[in-house]
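Just below is one structure, and these are the notes that go with it.
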Amino acid sequence: MELKEKLLSSFMVFENKVDIDTYVHDVRTDAIKTFEEKGFPSKKEEAWKYTSLNKILKEDYSVFPKQENAIEYRDVKKYFIYDIDSYKIVFIDGKYSSHLSQTTHDGMDVCLMSAALSKPKYRLVIEHYFNKAATKDSLPALNTAFSSEGAYIHIPKNKLVEKPIQIIHFSTGNESATMLQPRNLIVVEENSHVQIIERHQSLTDNSVLTNSVTEIFAKKRAIVDYYKIQNDNSNASLIDNTFLKQKQESVCSVHTFAFGGKLTRNNLNFYQEGQRIDSILKGVTILGNKQHVDHNTLVHHIEPNCESHQDYKGIFGENSTGVFNGKIIVEKEAQKTNAFQSNNNILISDKATINTKPQLEIFADDVKCSHGCTIGQLDESAMFYMRSRGIPEKEAKALLMYAFSNDVMSSVKIPELKQRITKIIANKLGVNLGFDL
Amino acid sequence: MLKINNLHASVEDKSILKGINLEVKPGEVHAIMGPNGSGKSTLASVVAGKEDYEVTKGNIEFNGEDIDELAAEERAHKGVFLSFQYPIEIPGVSVTNFIKTAINESRKAQGLEDMPAKDMLKLIREKADLLEIDRKFLSRSLNEGFSGGEKKRNEIFQMAMLEPKLAILDETDSGLDIDALRIVANGVNKLKSKDNAVVVITHYQRLLDHIVPDFVHVLYNGKIVKSGTKELAHELEEKGYDWIKEEVNA
């Protein structure tokens, strides 16, 4: 059976298992209809021109999470940021793992989506925010239809959340291929500040397809720093749909670190619904083998006097493929917008490919918008310079690539996270450099 | 120390060096002068191991070993240093991190452990002081936005850190004002010993007032056409290169 049919026929069973007597039931029912109508996106759609899902949809995924697979903390510790205190919401094959997690209801909610979707005390928030930022595109709709588990984070007014929140999805796949559909809802009220790290990590070589939706609402003057560390397992595919709605004077940043996987697609959407908003989108992509990563960004400037900054760096080796499609819309009312976008790529193999496409739709006449993309090789004269000082070729290459991604690394505000990512990059480049950036 | 025998080198089939012979012994300072396009920078690059150039004839010996086939980093590990005419900007890598990496890679090649961080810091400070380099400067990205003088001072700072056996200074005086020239020359002189050697490549006499050469060679059209002592440099300063060209072409 094709995956689409399988999903459609599973929906009834799924709905019967969760509470059908809720507001969410109607949302899910609408969503499955949308998915049924639209199906999976194909390369015929402009937004999917360079990314084909065909191959990954052929697998026979099991669409319901199975029993929790026991994992010992010591075996997965390295995937956490552990040198500092943090909240943790951990899932194994889509199921909440209480013994690896540390949630809270003390003055804020850092807990589970399943609780938020079913308990009456969250009803108002759910009715107000759930599925209010996600688009009606087929993949977010599919996630909405099956949404039952994920992270639920609600930070009240005037709160500085001192510990970062880690949302970690482990997949083991047990005996077969697994499809996961985590759903996160994050509401940050006025003047509050939160840092969130989201990580997807396969622990085995079993295939996994994750279709994730995260909705983030940043109210007036809220600050949200979101870091995504994406799966590097070669049998893992990830479709990440993230939607941020920002109110006036809020500052939201999303850093996306894509280090591989079979196929990764990031649909990252920012909507500016107020004045003097800042939106920051940064990414480092390092690929090899036949890996494919597609960054599809949207910044929608709706109101005047706002800014957006996009900076994506990519390093592509072997037969890997990268896509960057950055869309900026500046509405007629959004005067004095400052929108910047840059996408720089290095191809370190003759067989690697990058498709990069800035897409600007500007309807206001008093704005500053700039975009630039570069595709190049490592600078030969810089290589000779470094080698002439005794730095061997491999290390010199690594140092140049580090340096290349430094602009993005320098804005990571959690030092432990920065160190960890630097280490992952070093690992990927197969070197050990004696310093952090 | 350095022995260049009948060296021919070309880039993309264009012959540039056409039979260079040069011997540099420990403790000596050699100056290589010559008009534009005579092959001075090529000679420096070929000795340092730039792969764009192909050695078509002859060889380069360093301390008795043929180094033609060695990679640039291997030559550096043996003690060859090239101060670039145009130092390369490397955004994102600080001066400190760069030199740390260079030193520790050289140590690794010699089977040594990394230099302890404390010793490294001390050494960096000591050498920065020698070149009158501001500490703040050390945390800036390598050569990025540096003035001409800062770039050259940074080259000599790296030389001071790496303590090479043979330092080739390619047009280190270009882009330097008189104060910077004095600082750079002073740095080079302090690093000089009976065990190491310096090859200064320059257009002009003025650097040679500060770094006094034992021998002066004139490179023209890919060959050393005249050698002498420091007086030759004065003569060139006075008379230019035309008389040399005439002598050669006659």
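The loop-placed GluC sites (Glu not before Pro) in the range B:104-166, going by DSSP, that have at most 10 neighbouring Cβ atoms within 10 Å of their Cβ come out as B:GLU113. Overall shape: oblate for the range B:39-161, with the ratio a/c of the largest to smallest alpha carbon gyration tensor axis at 1.5 or above and b/c at least equal to a/b.
Sorting A:ASP26, A:ASP294, A:ASP109 from the fewest to the most surrounding beta carbons within 10 angstrom yields A:ASP26, A:ASP109, A:ASP294. For chain B, the membrane-span-like helix rule (DSSP H, alpha carbon extent of at least 18 Å along the helix axis, mean Kyte-Doolittle at least -0.5) picks out B:95-109, B:117-130, B:178-191; this says nothing about an actual membrane. The calculated 222 nm mean residue ellipticity attributable to helices in chain B amounts to -11500 deg cm²/dmol, summing -39500 (n - 2.57) over DSSP H runs of n ≥ 4 and dividing by all residues.
Which whole-number percent of Cα pairs in the range B:2-249 have a distance greater than 29 Å? Tail of the P(r) past 29 Å holds 29 percent of the pairs. Counting only other chain Cβ atoms within 10 Å of each residue's Cβ, the peptide B:99-108 averages 5.
Averaged over B:134-142, how many beta carbons belonging to a partner chain fall within 10 Å of each residue's beta carbon?
1
Please give me, ordered by residue number, the GluC sites (Glu not before Pro) of the range B:59-91 that lie in loop per DSSP and have at most 14 other Cβ atoms within 10 Å. Those satisfying the criteria are B:GLU69.
What pairs in A:LYS327/A:LYS368; A:LYS245/A:LYS282; B:LYS78/B:LYS100; A:LYS88/A:LYS121 have C-alpha atoms more than 20 Å from each other? From A:LYS327/A:LYS368; A:LYS245/A:LYS282; B:LYS78/B:LYS100; A:LYS88/A:LYS121, over 20 Å: A:LYS88/A:LYS121. Counting pairwise Cα distances across the protein assembly as shown, what percent come out greater than 39 angstrom? Percentage above 39 Å: 45. Which of the aspartates and glutamates could a cross-linker bridge to A:LYS159, judged by Cα under 15 Å and excluding same-chain residues fewer than eight apart? Within the straight-line cut-off, A:LYS159 pairs with A:ASP106, A:ASP109, A:GLU189, A:GLU190, A:ASP225. The Cα center of the range A:276-330 and the Cα center of the range B:1-74 differ in position by 47 Å. Here's the list of lysines a cross-link from B:LYS18 could span, going by alpha-carbon distance under 19 Å and ignoring same-chain residues fewer than 8 apart: B:LYS3, B:LYS40, B:LYS50, B:LYS57, B:LYS223, B:LYS226, B:LYS245.
Shielding value for A:401-409 is 3, the average number of Cβ atoms from other chains within 10 Å of each residue's Cβ. If the reach is capped at under 17 angstrom between alpha carbons, list the aspartates and glutamates near B:LYS151, excluding any in the same chain fewer than eight residues apart. Once the sequence-local aspartates and glutamates are set aside, what remains near B:LYS151 is B:GLU89, B:ASP129, B:GLU132, B:ASP134, B:ASP170, B:GLU171, B:ASP173, B:ASP177, B:ASP179. Protection proxy ranking for A:94-106, A:204-216, using the average of other Cβ atoms within 10 Å per residue and placing the highest first: A:204-216, A:94-106. Helices meeting the span-like rule in chain A (full DSSP H runs, Cα extent of at least 15 Å along the helix axis, mean Kyte-Doolittle score of 0.5 or higher) are absent. Taking other C-beta atoms within 10 Å as the exposure proxy, A:ARG199, A:ARG28 rank A:ARG199, A:ARG28 from fewest upward.
Since every read-out is calculated from the coordinates, none of them should be taken as a lab result. Every value quoted in this text rests on a predicted model; they were computed, and no experiment measured them. FYI the Cβ positions are ideal-geometry reconstructions off the backbone, even for glycines, and counts take in every protein chain you see.
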